[in-house]
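Encoded as C-alpha cells, the structure appears first; notes follow it.
The values are calculated or read from the model by the stated rules, or taken from the named source; none is laboratory data. Predicted, not measured: the structure shown is a model, and the values here were computed from it. As a convention, Cβ positions derive from the backbone with ideal geometry for all residues, glycine included, and neighbour counts pool all protein chains shown. These accessible areas exclude ligands, DNA and RNA; they are computed on the full protein's heavy atoms, side chains included. Shrake-Rupley method; radii C 1.70, N 1.55, O 1.52, S 1.80 Å.
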Amino acid sequence: MKLAVPRESEAGEPRVAATPDTVKKFVSLGFEVSVEKDAGLQSRILDADYEAAGAKIATDAKTTLADADMVLKVRRPNADEMGLMKKGAIVIATMDPYGNDAEVEAMAKAGLTSFAMEFMPRITRAQVMDVLSSQANLAGYQAVIDAAAEYDRAMPMMMTAAGTVPAARVFVMGAGVAGLQAIATARRLGAVVSATDVRPAAKEQVESLGAKFIAVEDDEFKQAETAGGYAKEMSDEYKKKQAELVASHIAKQDIVITTALIPGRPAPRLITKEMVASMKPGSVIVDLAVERGGNVEGAKPGKIAKAGEVKIVGHLNVPGRIAASASALYAKNLVAFAETMIDKEAKTIALNWEDELVKATALSHDGAVIHPAFAPKSE
C-alpha cells in the first residue's frame, strides 16, 4: 500500500495533511509513505522530520502521487493533480463541493474514490475525525488574536498609578465551536465578553465560560430548538426584536466577532452598515464567514476594510494563519478516518461501503458522483 502526501497546490494554503506522528501511524499500518519535498515547511515540519518518521521524500508531485493507493490532502485536488493519480486511488480531503459541481464531476471522471471530510457525521465515534470542529476551534482562537492585533488599546483592565485602563468589550455572534473558543480566548485576555446565538441551549454554554448571553428570551425563544438540537426558523416579529437588541448592544462594543455559517448556503447577514457606523472609532469587527459572503456588510475577503474609523477584518483561511497547530489537528482527523479503511491483519485497504462514516463522506467512486447531495438527479 502506498500513501501520498503532496504539497498543497492552492495559493495561500500553508497547512499539510500529515505530520511525522501520523506518518509513523501509517507506516505501522503497512503503508509506504511518500511526502512531497517541502510539503510541511509552512507548518514548521522539515523533510528530515518526515524521513525520521519513516516517509520517503519525493522531489515533485508526479513522483509523490505515482501509483498511490491513498492520497491525503487539505484541499480538493486540482485538475493537474487528478491527472497524476491512478484510477481507483482513494483521496481524502476537505472537498468544498457546494457550488463546485464541475470539480466534483472531474474527480469522478478521473476514476477517483473521494471522501469529503467536512461531511463527517457528528456522532461520538467520529469526534476524533471532525475536521470542521478541529479547524473552527483554532479559527475562533485566531479571530481574537487578529482582533487584538488591530485594536489599538489593551484588552484587560489595568489599574496603574497613572490611572485605570478599562477592559475591552467583546461581543461574539454565534456560539458554535468557533464562537465558544473565541469567548474563552477573549476572557483569558481579560476582556468583558458577551455572546448571542439563536439556540436556547447555547445560553448555558456561553455563561459557563463567564460571558453574558444576549437574546430576547421570550416564550418563542425558549422553544426555538428542534429535538435534534437545531435552531427553528423564528417569526418576523421575533427577528425584529432580536435585531433591535443586538444593534443597541453592538454600539457599545469595542470588538465584535461573527462566526455564523450554514453549510451549502451563503453566510447570513448579521451586521448592517448602520450597525457598523454606530460603533466607536477604533472598534474592530472580525468576520469569520467572509469566504461564504460574510456576516458583515462591508467585509472584503482577504482584506482589512475600513468603514469610517471601524476596521472590518476579513482574513481568508483563518486556521491556516496558525498552520502548525491546524495541521497537527487536521492530520490526526485524517489518520483516524483512514484507519477505519484498513484491514490491520492483512495490511490492505478494505473499504466497508456499509460503514456509516463511508456512506456519509463518499463523494465519488467507480467513475460516478455518488453522494446523494451531488449525484445527478434521475429523470
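Annotations
- Between 345, 356, 339, the distinction of being modelled with pLDDT of 95 or more and either farther than 23 Å from residue 177 by Cβ or surrounded by 24 or more Cβ atoms within 10 Å (Cβ to Cβ) (or both) belongs to 339 only.
- Some residue of region 44-59 being within 22 Å of residue 107 (Cβ to Cβ) and open to solvent by 50 Å² or more (accessible area, probe 1.4 Å): no
- Of all the criteria given as (1) closer than 20 Å to residue 146 by Cα; (2) modelled with pLDDT under 90; (3) of a type in the set (S, T, N, Q), the one not satisfied by residue 226 is (1).
- Whenever a residue of region 127-145 is closer than 12 Å to residue 334 by Cα and touching a residue at least 60 places away in the same chain (Cβ under 8 Å), its partners that are open to solvent by 20 Å² or more (accessible area, probe 1.4 Å) and among the acidic types (Asp, Glu), lying with C-beta atoms within less than 8 angstrom and at least six residues away or across chains, give the pairs 131/118.
- Within region 247-264, the presence of at least one residue that is part of a helix (DSSP H, G or I) and touching a Phe, Trp or Tyr at 6+ places or on another chain (Cβ under 8 Å) is confirmed.
- Reported count of residues in region 353-379, each being under 27 Å from the mean Cα position of the chain (by Cα) and not hydrophobic (A, V, I, L, M, F, W, C), is 8.
- Residue check, residue 166 touching a residue at least 24 places away in the same chain (Cβ under 8 Å) and surrounded by fewer than 19 Cβ atoms within 10 Å (Cβ to Cβ): no
- Residue among 146, 130, 152, 96 that is among the acidic types (Asp, Glu) and exposed (fewer than 13 other Cβ atoms within 10 Å of the Cβ): 152
- Given (1) under 26 Å from residue 355 (Cβ atoms); (2) buried (at least 22 other Cβ atoms within 10 Å of the Cβ), number of the condition residue 139 does not satisfy: (1)
Residues are listed down the side, and each one gets a yes or a no for (1) open to solvent by 70 Å² or more (accessible area, probe 1.4 Å); (2) touching a Lys or Arg at 6+ places or on another chain (Cβ under 7 Å):
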residue: 2; (1), (2): no, no
residue: 12; (1), (2): no, no
residue: 68; (1), (2): no, yes
residue: 71; (1), (2): no, no
residue: 76; (1), (2): no, no
residue: 82; (1), (2): no, no
residue: 101; (1), (2): yes, no
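- Checking residue 299 against (1) part of a helix (DSSP H, G or I); (2) in contact with an Asp or Glu (Cβ under 9 Å, 6 or more places away or on another chain); (3) of a type outside the set (D, E, K, R); (4) farther than 19 Å from residue 132 by Cβ, the condition it does not meet: (1)
- Flag: residue 107 does not match the condition of being surrounded by fewer than 19 Cβ atoms within 10 Å (Cβ to Cβ) and in contact with a Ser or Thr (Cβ under 8 Å, 6 or more places away or on another chain).
- Residue that is least open to solvent (accessible area, probe 1.4 Å), among those in region 254-292 that are among the charged types (D, E, K, R) and under 14 Å from the mean Cα position of the chain (by Cα): 287
- Residue in region 118-125 that is open to solvent by 40 Å² or more (accessible area, probe 1.4 Å) and among the basic types (Lys, Arg) present: yes
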